[in-house]
Amino acid sequence: MGTLKAWDAINGAEGICYAVIDGNQEEMIYVKNIEAKIEKVKSEIKVLGQTGAKHKANGWKGSGTMNMYYVTSAFRRMMVEYIKTGKDTYFDLYIINEDPSSEIGKQQIWLKQVNIDSIVIGKLDIDSTELDEDIHFTFNDVKIMQEFDKVVGE
């Protein structure tokens, strides 16, 4: 029986996130962590003669959260534009895991049509030496641009 090589466990700090907003690529060096999830949407199906409910997948939804240093106005600008004009902004995110000490290579995920749910519009905190913020978002499509290589055990 094989075991995972310790150096193949991915260091969460080894990677990068890019945003493509209105055709402009921005390296999001201020992101502390980002997590995107896909959740199946299911219907409950009742069947005669059975007391338990069954479940059938009939769709999905993508959502996520970014925690970042409070150092960019880009997302506040998007939200204010929506408030003032009604024009909403959709953009793409690329999340790349690439730990140079790992032998399993890198993974690149492309989140398409990302849309901000909420932002912090202004913030002060006398107990903090560095401000941060959480940004919640949804996305409408996803593609795995590059997969990790196969894990080979010891």
Do we have any residue at all in the stretch 76-90 that's in contact (Cβ under 8 Å) with a residue 24 or more places away in the chain, touching a Gly at 6+ places or on another chain (Cβ under 9 Å), closer than 26 Å to residue 132 by Cα and not polar (S, T, N, Q)?
yes
Under the condition of being in a strand (DSSP E or B) and hydroxyl-bearing (Ser, Thr, Tyr), which residue from the stretch 95-143 is surrounded by the most Cβ atoms within 10 Å (Cβ to Cβ)?
138
Going through (1) among the hydrophobic types (A, V, I, L, M, F, W, C); (2) surrounded by 12 or more Cβ atoms within 10 Å (Cβ to Cβ); (3) more than 12 Å from residue 93 (Cα to Cα); (4) modelled with pLDDT of 95 or more one by one, residue 57 fails only at (2)
Restricting to the stretch 1-28, name every residue that is among the hydrophobic types (A, V, I, L, M, F, W, C), in a loop (DSSP other than H, G, I, E, B) and surrounded by fewer than 12 Cβ atoms within 10 Å (Cβ to Cβ).
1, 13
Based on what the data block shows, is residue 82 of a type in the set (Phe, Trp, Tyr) and either touching a strand residue (DSSP E or B) at 6+ places or on another chain (Cβ under 8 Å) or exposed (fewer than 10 other Cβ atoms within 10 Å of the Cβ) (or both)?
no
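The values are calculated or read from the model by the stated rules, or taken from the named source; none is laboratory data. Only a predicted model underlies this, so the values are computations on that prediction, with no experimental measurement involved. Cβ atoms come from the backbone with ideal geometry, glycine included; neighbour counts cover every protein chain shown.
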